[in-house]
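Visitor: Quick one: this structure, given as structure tokens, is what I'll be asking you about.
The values are calculated or read from the model by the stated rules, or taken from the named source; none is laboratory data. Owing to the predicted nature of the structure, the values given are computational and were not obtained by experimental measurement. Virtual Cβ from ideal backbone geometry, glycine too; neighbours counted across all protein chains shown.
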Amino acid sequence: MDDEQSVQEEEYAFPYHYLPRAEHGDFRWWPYWAWGYRYLSGIELVLDELARLEPKTLVDIGCGDGRFLKEAARRLSSAQLLGIDYSDRAIRLAQALNPEVHYVAADITGALAIGTFDAVTLIEVLEHVPPAQVPSFVEGMKRLMHSQSALIVTVPHKNQALIEKHYQHFDATSLELALGEHFKLERLFYFDRRCRAVTLWQRLLFNRYFVIRHQRLLNYMYRRYRAKYLRCAEDDCSRMGAVFRVAA
């Protein structure tokens, strides 16, 4: 490609042509995700855990559109990365947006001949698994791990009300119960603090009438959230995470 074509190719890293929409008589040109700063902060926590583990191979189960592995590829540049999701549509999108990462559309409860990995991540996925299928899902994860592998999980906490697309939320006891037959808990961490200040600024900055785009203000909000409201005690959290090891 020449220089001009390379510029266009780089812009295809994000499907910007899909931003403007005219549907049902309404025109929208600036979609936003008010929860995005909390989502990205949670990703950073998991990446910090992975940096301590220094895995040579990593599989992200329930990878969806591949956003977590996009960030992992930046932080773990020497690791071999794989994303798995049962959704063909999600995998096709992940492959299009992140061609440098390998993705597979598969059900981990079936037989997968893809080997084992030093680290497995399960980021905001377990709540989407029907409770009756959790045991076979957990067995499928274990088959992707060797005796020294680490499993990093994040889930919504029971402090947070159940939403329509989730089957269940967790606390320390129920998460260990869901995974304890095959994994031993190494440590827990709690994050995404519930407080009025966070709720208020989210409503002020992102609402149905306007979205703040002032960069310095957004940067301040993101830094402030991560410094003061990200990590917290279990009583105050919206989400929780855990590091597990394969049980002997």
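Visitor: Applying the selection to the range 74-92, what residues are under 17 Å from Asp118 (Cα atoms), not in a loop (DSSP other than H, G, I, E, B) and not small (Gly, Ala, Ser)?
Guide: Listed by number, the residues that qualify are Arg75, Gln80, Leu81, Leu82, Ile84.
Visitor: Which is closer than 23 Å to Arg245 by Cα, among the acidic types (Asp, Glu) and outside any strand (DSSP E or B), of Glu100, Glu127?
Guide: None of the others qualify; the one that does is Glu127.
Visitor: Another question about this same structure. So, in the range 195-221, exactly how many residues are part of a helix (DSSP H, G or I) and closer than 22 Å to His157 by Cβ?
Guide: 8
Residue-by-condition table, conditions (1) among the charged types (D, E, K, R); (2) in a strand (DSSP E or B); (3) touching a strand residue (DSSP E or B) at 6+ places or on another chain (Cβ under 7 Å); (4) free of Cβ contacts under 8 Å to residues at least 40 places away in the same chain:
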site: Ala119; (1), (2), (3), (4): no, yes, yes, no
site: Leu122; (1), (2), (3), (4): no, yes, yes, no
site: Pro135; (1), (2), (3), (4): no, no, no, no
site: Leu151; (1), (2), (3), (4): no, yes, yes, no
site: Ser174; (1), (2), (3), (4): no, no, no, yes
site: Lys184; (1), (2), (3), (4): yes, yes, yes, no
site: Asp192; (1), (2), (3), (4): yes, yes, yes, no
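Visitor: Among the residues of the range 168-186, is any buried (at least 17 other Cβ atoms within 10 Å of the Cβ), under 28 Å from Arg226 (Cα atoms), modelled with pLDDT of 95 or more and among the polar types (S, T, N, Q)?
Guide: yes
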